[in-house]
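Since every read-out is calculated from the coordinates, none of them should be taken as a lab result. All values reported here derive from a predicted model rather than from experimental measurement. So basically every Cβ, Gly included, is an ideal-geometry build from the backbone, and we count neighbours across all protein chains shown.
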Amino acid sequence: MPNRQNLRIAVLIKRFVSTGGAERYAMEVTRRLALQHEVHVFAQEWSYEGKGKIAFHKIPKFFAKPSWLNQLLFSYHTDRAVEGSFDIVHSHEKVTRFDVMTIHSPCVRSFITQEKRAWKRFLARFSVLVSPRKLGWLLLEKKQFSHHPAKLFLPVSENVKRDVQANYALPDDCFSIAYPGVDSKMKKSADRGITGIAVRSNLGISEDELVFLFVGTEFKRKGLDALLRGFALLKPCLNTRLIVAGGGGGKMREYVQLAKKLDLSKHVLFAGLVKNVGELYSIADACILPTLSDPFGMAPVEAMLSGVPVALSSSAYCGAAEIIRDGEALIIKNPQDHYEIKEALCKLMDASCRAELSRKGQALAAEFTWENTTARTLSAYKEVLRRKKQRHQPPIC
C-alpha cells in the first residue's frame, strides 16, 4: 500500500471531453487531481487543455454501435490495461475492474424493478432473454455492483444511491455522495448590464418581456411537454417569453409543432444547442426545469449561481432538489401536472419572489464547487486505501 502523498491514479471514461454531464464531471475532477497526483486517463477519445499533466492511453473503439458491445469491450480492455499498475482505479463507466466508481445515472435494471404491475414486470424480465442488448447491460451492471469491501461507489446524488440500493443489495458503507460542482465563472458570466441588453436584442426580445429559461437536451425526459402546456395556461396575461435551450434529443420538430398547436409560436424561442449558456442566464428572469428523471441536473444550480431564480422538480425526480433547503428554489412536486407548473410560473412572475429566490439560491449554489467534489473524491481514495491495507494485514494471534 502506498505511503506517499502522490498517488498513481487511473481514470476510466470512454470520452474525456467537456461536453456531456458525466464527461464534464470526469474532466473537472480529473484535471484537479492531476495538479497533485500522477493521473492516467484511459479513453477512446479525448480533448484536453489544462494545467495538470495527464497521460492519455488509447482504448480501442472498433465501432460505436451497438453501444452495449462497445461498453463490454471497453470494460475488457481497461481491465487488462490497469491491472496491478495503479494505487487507485477510478471509473466513470460501467466496467468490472475499479476501486472507486462515480455513478452518473440510474441502474439499467430499474426498467424492471420500477414497474409496479406484475404482468409488466414479467414481460420486462422476459424481454431480457430475447435482447442481447439488455442482457449485455444487465450482466455488466450486476458484475459492477457485486459487493466488495474495498470498493467505494460515488453516486452524484442520494437519488442515484437509492436507485442502486433498490436494485442491488449494497450496504450504506459502500457509498459516499459526491455532488457535482458548478463553474465559478458562471457567476461572472451572467452580466445583466450591457451584455444582457445585447443578447436580448440579438434574440429579438424586448426589455419589458419577462423571460423564462429551460435548459436541457432531451426534451421528453426534461419535461418540456408539461412545461409548454403549463406555459400555455398563462396566455391571457402573457408579456413573457420562454427560451428553450438544447438539441431536443431528436425531438425538436415535434416540440416546435406542439408549441404551434398551443398557439405559443410567438412566445417560445427554440435556441437549439447553445455554446455559452451564460449569455442566456444573463437575460433570464427565471429558470424552470420540470424534469421527469435527472440524477442531479446541473442547469438549475448553474442558474442559481448566476443569480437566476429557479423552479425544479422534487427530489423524487431530480437529484439537485436534494440540496434545496429553505426557499432557495420553488419545488414542483409533480412535474407531469401542467397546472402545478402554471402555478410555479405565476409565482415566478412576482418580482419580490424572484428577488428572494435569487438571493438564497445564489448563496446555496456557491457552496457547490468542483474543489469540494474533488475533495470528496480524494476522501474516497483514502478510505479505499485504508480498507485495502486492513485486508492485507496478517491476523493477530
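Once the Cα atoms are used to define both axes, helix 158-167 deviates from the longest principal axis of the chain by about 60 degrees. Each peptide among 305-312, 177-184 gets the average number of other Cβ atoms lying within 10 Å of its residues, and from highest to lowest they stand as 305-312, 177-184. Determine the sum of side-chain charges near residue 60: Lys and Arg each +1, Asp and Glu each -1, restricted to other residues whose C-beta is under 12 angstrom from that of residue 60. Net charge around residue 60: +3.
When you restrict to C-alpha pairs under 8 Å that are six or more residues apart and normalise by the size of the range 185-365, the relative contact order lands at 25 percent.
Remark on the range 1-90: ratio of C-alpha radius of gyration to 2.2 N^0.38 Å is 1.09. What share of Cα pairs, in percent, lie more than 42 angstrom apart in the chain? Cα-Cα pairs in the chain separated by more than 42 Å: 17 percent. Building the convex hull from the alpha-carbon atoms of the range 260-330 and averaging its projection over directions returns 5.7 nm².
Normalised by residue count, the range 185-365 yields a Cα convex hull volume of 104 Å³ per residue. Computed per residue of the chain from DSSP H runs no shorter than four, each worth -39500 (n - 2.57), the mean residue ellipticity at 222 nm is -12500 deg cm²/dmol.
Among 107-120, 86-99, the peptide with the highest mean count of other Cβ atoms within 10 Å heads the list, and the full ranking is 86-99, 107-120.
When restricted to Cα atoms, the range 50-123 yields an Rg and a Dmax of 16.7, 55 Å, respectively.
Shown here are the Rg and Dmax of the Cα trace of the range 55-182, at 15.7, 51 Å. Computed over the chain, relative contact order equals 15 percent, with contacts defined as Cα pairs under 8 Å that lie 6+ residues apart. Hey, what angle do you get for helix 338-348 against the long axis of the chain, alpha-carbon based, 0 to 90 degrees rounded to 10? Roughly 70 degrees between the two axes.
Quick check: the angle from helix 351-365's long axis to the longest principal axis of the chain, C-alpha only, nearest 10 degrees? For helix 351-365, the angle is close to 10 degrees.
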